[in-house]
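Bear in mind these aren't lab numbers, they're just calculated from the coordinates by the rules spelled out. Please read all numbers here as calculations on a predicted model, not as lab measurements. As a convention, Cβ positions derive from the backbone with ideal geometry for all residues, glycine included, and neighbour counts pool all protein chains shown.
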Amino acid sequence: MQKDKLTMAIQKSGRLSDDSVQLLKKCGIRIQNGNNKLKALASGFPLELIFLRDDDIPQYVEDGVADAGILGLNEVLEKNKDVDLMQPLGFSRCRLSVAIPKTWDYPGKEILNGKRIATSYPVLLRKFLLENDINADIHPISGSVEVTPSLGLADAIFEIVSSGGTLLSNGLKEVETVLESEAVLIAGTSLPEEVSRLLQQLLFRIRSVQKAANNKYILLNAPESNMERIIALIPGIKSPTIMPLVEEGWYSLHSVISEDDFWGVIDKLKEAGAEGILVAPIEKMVT
Ligand code: ATP
Ligand code: ZN
């Protein structure tokens, strides 16, 4: 039977859940019966959701039970299943780092030789140790890895860090960042043609939402004499829109500007005589 829906796995409850649902919502997709069941049908796109522990998502996608999934890159690389990385999603940013007691000196990675390192990422830790020619004991542990040094169970840890607050309160300091992670969309490596087409449509929506988030709509008033200079500063997607103001010699100019360029450009616009600058968010951007 031909499949007429995309089946996607997302985290049932945890740090990824809300942002995964929010991302779908921004793509015009709503979940009909909440995430308290194993499965839910979506509206606004032929999509069925499966709610799982994030650790289980790569296996479900490899086995074809789910066509796609959303989870942290850290977990995708740790599970090392046969899945395709389709798109970074920009949320749940964190890093996977080595941390040691803050009283230790840290001349370099070599001090990890002969130490016991607790982690819930044994695969990625083994890879890091091998690549750096370090001989250390790996202590796989699930949960509360940060407390193991103060309990005497380990000398150092290899764990997820976001603000570093948990490390500090456990008397630890971060000394090596091994992986920068964020949520990603993964997919099966041999999806049926129809499902693959649906996945591309969903990716198109996700990329339009991401582009919009990285751009702002900018409106300003500019004197005719400096028009060329101002247009060069905010060239927009194709070119800016210009409309005459009632006041002779003045124009209203509308364009799009990247979030990253924003503050640098604003000062130059003011220098060029721009006035009444308004900046507004963009919801979707299709180019
Ligand atoms: P599950 O019950 O689904 O197995 P979990 O306890 O493994 O959940 P969470 O703590 O919800 O996982 O974290 C899920 C993912 O969120 C992590 O794998 C990581 O990618 C990301 N993450 C973890 N900690 C943070 C953090 N402090 N800040 C931002 N993102 C984080
Ligand atoms: Zn998990």
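Which of the three applies to region 94-180, rounded, prolate or oblate, going by the alpha-carbon gyration tensor with a ≥ b ≥ c and a/c under 1.5 meaning rounded?
Values: a/c = 1.28, a/b = 1.21, b/c = 1.06.
Verdict is rounded for region 94-180.
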Tilt relative to the chain, helix 122-131 - C-alpha long axis, 0 to 90 degrees, to 10: 90 degrees
Residues of region 91-126 with amide N under 14 Å of a point placed 7 Å along Cα→Cβ from ASP137: 113-119
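Nearest 0.05, what FRET efficiency do LYS284 and ASP63 give at R0 = 25 Å with Cβ-Cβ as r?
Working: r = 34 Å, r/R0 = 1.35.
So the FRET efficiency works out to roughly 0.15.
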Aspartates and glutamates whose Cα lies under 13 Å from that of LYS216, excluding same-chain neighbours fewer than 8 positions away: GLU259, ASP260, ASP261, GLU283
Ratio of the Cα radius of gyration of region 184-265 to 2.2 N^0.38 Å, where N counts its residues: 1.66
Among GLU224, GLU247, GLU78, residue whose mean-square fluctuation peaks in a GNM of the chain (springs only between Cα atoms under 10 Å): GLU247
Distance between modelled label sites at GLU224 and THR241, nm, 7 Å Cα→Cβ extension: 2.2 nm
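Compute the length gained on full extension between ALA232 and PHE204: take 0.36 nm times their separation in residues and subtract their Cα-Cα distance, giving the result in nm to one decimal. List each step's numbers first, then the result.
Numbers: separation 28, 0.36 × 28 = 10.08 nm, distance 2.94 nm.
My answer for the length gained is 7.1 nm.
Work out the FRET efficiency for SER252 and GLN22 from their Cβ-Cβ distance, taking R0 = 45 Å, and round it to the nearest 0.05.
Values: r = 34 Å, r/R0 = 0.75.
Between SER252 and GLN22 the formula returns 0.85.
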Long pairs among LYS25/LYS211; LYS5/LYS26; LYS3/LYS284, criterion Cα-Cα beyond 24 Å: LYS3/LYS284
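Over the alpha-carbon set of the chain, divide Rg by the Kirkwood Rh and report the Rg/Rh ratio to two decimals. Spell out each step's value before the answer.
Details: Rg = 24.7 Å, Rh = 22.4 Å.
That ratio is 1.10, to two decimals.
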Stretch gain in nm, segment ARG30-SER162, where the contour uses 0.36 nm per residue and the Cα spacing is subtracted: 44.6 nm
Sequence-distant residues sharing a close amide H with PHE91 (under 5 Å, placed H): ALA183
Partner lysines for LYS127 [C-alpha distance under 30 Å; skip if fewer than 8 residues away on the same chain]: LYS12, LYS79, LYS81, LYS102, LYS109, LYS115, LYS173
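Semi-axes, largest first, in whole Å: what does sqrt of 5 times each Cα gyration tensor eigenvalue give for region 1-113? Numbers along the way, then the final one.
Working: eigenvalues 238, 51, 27 Å².
Output for region 1-113: semi-axes of 35, 16, 12 Å.
Multiplying the sequence separation of LYS3 and TRP263 by 0.36 nm and subtracting their Cα-Cα distance, what value in nm do you get? Let's see the in-between values first.
Values: separation 260, 0.36 × 260 = 93.60 nm, distance 4.80 nm.
Once the chain is fully extended between LYS3 and TRP263, it gains 88.8 nm.
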Crossing angle, helix 262-271 versus the chain [Cα axis fit, 0-90 degrees, rounded to tens]: 30 degrees
